[in-house]
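The values are calculated or read from the model by the stated rules, or taken from the named source; none is laboratory data. From a predicted model like this one, the values you see are computed outputs, not experimental measurements. Here Cβ is always computed from backbone atoms with ideal geometry, including for glycine, and neighbour counts include all displayed protein chains.
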Amino acid sequence: MGQKTAISYLNEELQEIKRLRKKHNLTQAELAKLAGVSQSLIAKIEAGTVDPTFSHVRKILEVLHGMEREKEQKAEQLITGKIISVSKNEPMPEAIRKMKSHGISQLPVTDGKAIVGLVSETNIIEKIAEGASPAKLQVKDVMEDAPPIIAKTTPLTAVMELLRHSPLVVVAENGKPKGVITKADILKKIAVL
């Protein structure tokens, strides 16, 4: 059964070559040149009349998948330019006020210019449920670990994977935060498509 699975996987990969080539509007000759193989090899692979070597298939798929990555949207296309944050030493009511006035449910927490944590509505509610009074808390008493910090060139698929585990990601350039991406930003982008 394992051998059959490996063979069917290989067949899927070979079919993927033709699909991706057409998706990128490449001729067989153009793909062959980019991958450093012959056009006749591409034609035979697509026709299913040759059993190509692993190294040839890998070269061809690397070219095609590289084209996919180049076309994929990057983090810089989704960022919210202004970072609304709160200092770790601010009183909790100030953080709550900022969330309400900006209509957001979480804030990056700063210590100087560095992002050191995240405070969210969920964190605040949990503290209140434990019996704490928001008026007596500082942000550092409620914050969780810092959200992921990514480069502006991070692909959208990686951003979405990070957002499965964090309410937001911070986009930085040369170590300096430039903006944030939230789950809501992703949904807005999808709604436009």
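Identify all residues within segment 46-96 that are hydroxyl-bearing (Ser, Thr, Tyr) and over 21 Å from the mean Cα position of the chain (by Cα); write none if there are none. Break it down stepwise before answering.
Narrowing segment 46-96 to residues hydroxyl-bearing (Ser, Thr, Tyr): 49, 53, 55, 80, 85, 87.
49, 53, 55, 85, 87, listed by residue number.
Restricted to segment 18-121, the set of helices (runs of 4 or more DSSP H) holding at least 2 residues that are closer than 30 Å to residue 179 by Cα and outside the structural domain of residue 166 (by TED's automatic domain parsing) comprises 54-71. Comparison of 119, 109, 170 shows that the only residue that is under 30 Å from residue 65 (Cβ atoms) and of a type in the set (Val, Ile, Thr) is 170.
Looking across 135, 146, one residue alone is part of a loop (DSSP other than H, G, I, E, B), touching a Pro at 6+ places or on another chain (Cβ under 8 Å) and either in the same structural domain as residue 83 (by TED's automatic domain parsing) or not acidic (Asp, Glu) (or both). It is 146.
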